Amino acid sequence: MKIILSLLKVFLNFIYFFMKFKKTNKNKITFLSRQQNDISLDMELIKEELLKNNKKLEMVFLCKRFDNIKKHFISYGFYTLKTMYHISSSHVVITDSYSLPVSVLHHKKDLKVMQIWHALGAIKKFGYQTVGKTSGRKSVIANTLCMHKNYDAIISGSKASTKFFMKAFNYKENVFLNYGLPRIDYLINNHTKLKCEILNKYKGLKGKINILYAPTFRTTKDFEINDLIKEIDFSKYNLILKCHKNQMVDVKNNNIYTCDAFSALELLSVCDYLITDYSAIAIEASILNIKTFYYCYDYQKYIENNGLNIDLYKEMPGVVFSNAKDLMKKLDSNNYDINLVLNYKNKYIDIQNGMSTKLIANKILKWIKE
């Protein structure tokens with residue numbers, strides 16, 4: 001495996017050597033994502049802020065999700081070559097995930113790379129923290145493919161999160177910018193408007209207490225929701241289910257909303273309670289001071305297979321549960337200490353004044369001028 005991957009690196013760098021003869025466009029910024037096929041909210045907001053300050057910028061967006069690279073090897077190969085071509089003439093590259101061309105290629109000295117990781121914080125371990133674990137990459141793959149190399153700046157939500165990101169990305173603290181993501185600004189500035197739009201489209205959400213259940217990704221066999229459904233009084237509560245994009249869930253229950261027209265982030269605007277587990281949506285929910293419960297029915301197994309950066313039982317005492325019955329009993333009691341959420345927000349979100357997008361854009365614009 002190591003020999004094959006090493007040969008792949010040599011081959012890609014050979015091709016890239018000739019691509020680099022193309023002159024760098026000082027105004028060109030390339031955005032890369034393996035998270036989804038469309039431009040992410042964070043990238044869209046950065047683009048808008050950049051264009052406010054410099055109309056001459058040329059921006060290219062290469063967003064392509066490959067759930068199975070082996071199955072789509074040929075299309076992934078062409079996508080990689082296309083990515084290499086655009087990087088070779090760019091002044092700045094912005095990515096929200098691991099990018100093979102960014103990490104394994106030898107770039108021009110004037111190229112700047114910013115990592116805007118797709119999660120606001122790091123409740124669960126990832127990257128180099130999970131190398132060799134059940135949920136992580138094998139060590140030979142991570143090292144040979146130079147996982148998360150060549151970044152000039154990495155965006156973090158807070159100094160508290162940066163200490164975890166340092167281990168996950170394998171960088172020193174001076175590379176990190178604790179600006180938070182543009183989605184923070186989006187929630188702060190648009191939650192009232194979003195609430196109206198969502199309630200107008202899904203009128204059944206009016207008149208009841210809305211619970212948003214947004215768990216982290218699990219394989220189908222590890223995903224559990226039936227116990228939670230059994231404990232919910234649907235005469236009093238609405239349940240909105242938003243799973244990870246990779247999560248294949250078939251729940252036949254007319255009482256459950258999926259609200260396909262809106263993302264989990266947007267649905268925070270109408271939820272009275274959030275139920276999650278190890279997902280960073282808990283940090284996003286704290287922006288709006290949403291009362292959050294943690295349904296961690298596989299807590300020990302998850303720690304063994306993946307690992308956590310945060311001890312949830314210590315961080316959020318009294319709102320972490322291993323079974324749905326106890327969770328709903330606590331939720332139904334309407335006895336939630338909101339200071340838990342406020343303290344959580346102050347710890348994991350450093351910039352709370354709607355300036356995250358501007359700070360990120362200013363850093364990029366500074367690079368453009370260099």
*Using alpha carbons only, how many degrees (0 to 90, rounded to 10) separate the axis of helix 41-53 from the longest principal axis of the chain?*
60
*chymotrypsin sites (Phe, Trp or Tyr not before Pro) within segment 142-240, DSSP loop, no more than 14 other Cβ atoms inside 10 Å*: PHE234
_Give me the percent of accessible area attributable to carbon and sulfur for the chain, probe 1.4 angstrom._
52
*Have a look at ILE275, ILE87, ILE15 and tell me which one the Gaussian network model of the chain (Cα, springs below 10 Å) gives the largest fluctuation.*
ILE15
_Just to verify a number: what accessible area does GLU173 come out at with the full protein assembly present, 1.4 Å probe, Å² rounded to tens?_
90
_Restricting to Cα atoms and excluding each atom paired with itself, what does the Kirkwood estimate give for the chain in Å?_
21.9
*How large is the dipole of the chain about the Cα centre if only Lys and Arg carry +1 and Asp and Glu carry -1, each at its Cβ, rounded to the nearest 20 debye?*
1440
*Percent antiparallel among DSSP beta bridges (both partners in the chain, rounded to 5)*: 5
*What's the center-to-center distance, using Cα atoms, between segment 295-370 and segment 186-214 in Å?*
20
*Protein-only accessible surface order, largest first, of LYS242, LYS71 at 1.4 Å*: LYS71, LYS242
*Which trypsin sites (Lys or Arg not before Pro) from segment 169-227 combine a DSSP loop assignment with at most 13 other Cβ atoms within 10 Å?*
LYS172, LYS206
_Computed magnitude of the charge dipole of segment 317-370 (debye, nearest 20; Cβ of K, R +1, Cβ of D, E -1)_ = 240
*Hey, what number do you get for the chain at 222 nm if only DSSP H runs of n ≥ 4 count, each worth -39500 (n - 2.57), divided across all residues, to the nearest 500?*
-12000 deg cm²/dmol
*Where the centroid of each part is defined by its Cα atoms, how far is segment 261-292 from segment 111-151 in Å?*
25
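Just reorder CYS296, CYS196 by solvent-accessible area, largest first, 1.4 Å probe, all chains present.
The ordering from most to least exposed comes out as CYS196, CYS296.
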*Exposure of MET166 as accessible area (Å², to 10), given a probe of 1.4 Å and all protein chains*: 60
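The values are calculated or read from the model by the stated rules, or taken from the named source; none is laboratory data. Model, not experiment: these values are computed from the prediction. Positions of Cβ are generated from backbone atoms using ideal geometry, with glycine treated the same way; all protein chains shown enter the neighbour counts. What goes into the accessible areas is simple: the full protein's heavy atoms, side chains included, and nothing from ligands, DNA or RNA. Shrake-Rupley method; radii C 1.70, N 1.55, O 1.52, S 1.80 Å.
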